[in-house]
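Heads up: the structure comes next, in structure tokens.
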Amino acid sequence: MSPSSSNIVVSGGTGSGKTTLLNVLSSFIPEDERIVTIEDAAEIQLTQRHVVSLETTPPVPGTSDVGRLVIRDLVKGALRMRPDRIVVGAEDEQAIHLMRALYAPFQRNHERLIVTDIKSAELTKYAANAMLATKISFINEIAGLAERLGADVEAVRRGIGSDPRIGYHFIYPGVGYGGSCFPKDVKALIHTAQSVGFAPEVLLAVERRNQAQRQLLGERIARHYGGSLAGKTVAVWGLAFKPETDDMREAPSRELLAQLWAAGARVRAHDPVAMEEARRIFGERADLALCETPMQALQVVPGGPDWFHPGRSGTIQIGPQNILGHFGELHPRALAALDAEGPLVAFEVILERIPEPKAKPTRAKPALDLSPFQPVSRDFAFIVDKAVAAGDMVKTAQGADRALIANVGVFDLYEGAGVEAGKKSVALAVTLQPTEKTLTEAEIEAVGSKIVAEIGKRYGATLRG
């Protein structure tokens, strides 16, 4: 065990699960060591002398007591996790027994713990992240091919994602993966393979594609302006490597900003969470302005009407409903109808859709109140009886959370191979529109669970795959 001066820190959770965990730890730890729990002492009934509860208290007005650091929010979800699997690498029976006891609170519903030898557990961790990175690089490669073929990668994504063997996770094309895990783990796995004389061809291709993808956006911006961005200002929304974090390690935005500056551009950037981290990384620069708020409400989403190219156009809107205009390349059919040679770029503004804010609300019509938060889209594919109307499923999904669900549409109906006789597959695209704050992944998943539960209860539907 560790030296007597060390502490064991156990954070989050309440009730019998935490009690079990601490009692197991107590039986293995000498009394001259400490277990520090981060939560209220009253929530746990323990008598061991070496279990210490670290409590937090608020400041007391009018006294010198400024309170102690509030840390509950940092750890509140620790023992509420529901992992898909718990992989433990161990070769000692006592260690395996201890690990099973320690992780018992995490797997009350069913056994999730997988015990392997130590090397297999380590390789499992690296292989899992490498597989997700592979999916990202793959869809980015398909996006490049789709662009050259005139196909719509969003339609391709939905087409392959509806296959339960593939699924929708990690097949969203973008500017490449980043963060503290994927780049490091892919590189580590490549190095490990090469150190034992094995050529990791797939992993090398994944990394090459990701490096190229991270350069793509900056290269396109510079190419569009003839290679020089001198005197131009570029707005960048999003700096962290993913939403809801301030982590900018290996973030693609860092390479993009470096490219823009090298080409002579000035940058105005915003991130809902990572502004302080951006200041720490970039410091004060004459060619960088970190904006505290994004431009309110205005959103740009892919695609437009039929006369625009589906993969090379966009729609400008306020919220999910009010479309202000469209822009992009004209579709080849539109060019043929105009007897024009392409490519041609067009911009359409719908003047009557541009709102005029009211000075104050009225009973008949409230003042214009627009959400500054971007909508969130999620896809669901259900297996349901053939007789069930897709329109009814749409209405049921909309009713699952009327406060957040702004729109529900059907993007795929399928009967045939892989679907049981008398059944059909109905794929729904759901748009959530937050109004008070950016949604966390847990909140998004909670709405998704409501949709699945309501449709399952009313129509006997199950998720495909």
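The values are calculated or read from the model by the stated rules, or taken from the named source; none is laboratory data. Quick caveat: nothing in here was measured; it's all calculated off a predicted structure. Here Cβ is always computed from backbone atoms with ideal geometry, including for glycine, and neighbour counts include all displayed protein chains. Keep in mind that these areas ignore ligands, DNA and RNA; they rest on the heavy atoms of the full protein, side chains included. Shrake-Rupley method; radii C 1.70, N 1.55, O 1.52, S 1.80 Å.
A few points about this structure:
- Other residues lying with their Cβ under 11 Å from the Cβ of Ala188 contribute a combined charge of +1, Lys and Arg counting +1, Asp and Glu -1.
- If the segment from Lys386 to Asp401 were pulled out straight at 0.36 nm per residue, it would be longer than the present Cα-Cα gap by 2.8 nm.
- Take the Cβ atoms of Arg85 and Val349, set R0 to 56 Å, and the FRET efficiency comes out at 0.60.
- Between the amide H of Ala265 and those of Leu229, distances stay under 5 Å, these residues lying 5 or more places away or on another chain, with hydrogens modeled in the peptide plane.
- Gain in span if fully extended, Ala442 to Ala421, counting 0.36 nm per residue against the direct Cα distance: 4.0 nm
- Summed residue charge, Cβ within 11 Å of His309's Cβ, Lys/Arg positive, Asp/Glu negative: -2
- In the structure shown, the pairs Lys135/Lys395; Lys135/Lys423; Lys242/Lys437; Lys424/Lys457 are assessed against 22 Å; a Cα-Cα span above that value is assigned to Lys135/Lys395; Lys135/Lys423.
- In region 89-175, the GluC sites (Glu not before Pro) that fall in loop regions by DSSP, at most 11 other Cβ within 10 Å: Glu91, Glu111
- Cα centroid separation, region 419-443 to region 210-232 (Å): 35 Å
- For region 191-286, the square roots a ≥ b ≥ c of the C-alpha gyration tensor eigenvalues yield an a/c of 1.5 or more together with a/b not exceeding b/c, which makes the shape oblate.
- Ser425, Ser180, Ser377, reordered so the largest accessible area comes first (probe 1.4 Å): Ser377, Ser180, Ser425
- Gain on full extension, evaluated as 0.36 nm per residue between Asp287 and Phe411 minus their Cα-Cα distance, stands at 40.3 nm.
- Backbone phi angles across region 182-198, fed through the Karplus curve with coefficients 6.51, -1.76 and 1.60 (θ = phi - 60°), yield HN-Hα couplings of 4, x, 5, 6, 5, 4, 5, 5, 4, 4, 4, 4, 5, 5, 10, x, 10 Hz in residue order; Gly and Pro are listed as x.
- Taking a ≥ b ≥ c as the square roots of the eigenvalues of the Cα gyration tensor, an a/c ratio of 1.5 or more together with a/b no larger than b/c marks region 142-240 as oblate.
- Here the label points at Glu244 and Tyr172, each 7 Å from Cα along the C-beta direction, are separated by 1.1 nm in the simple model.
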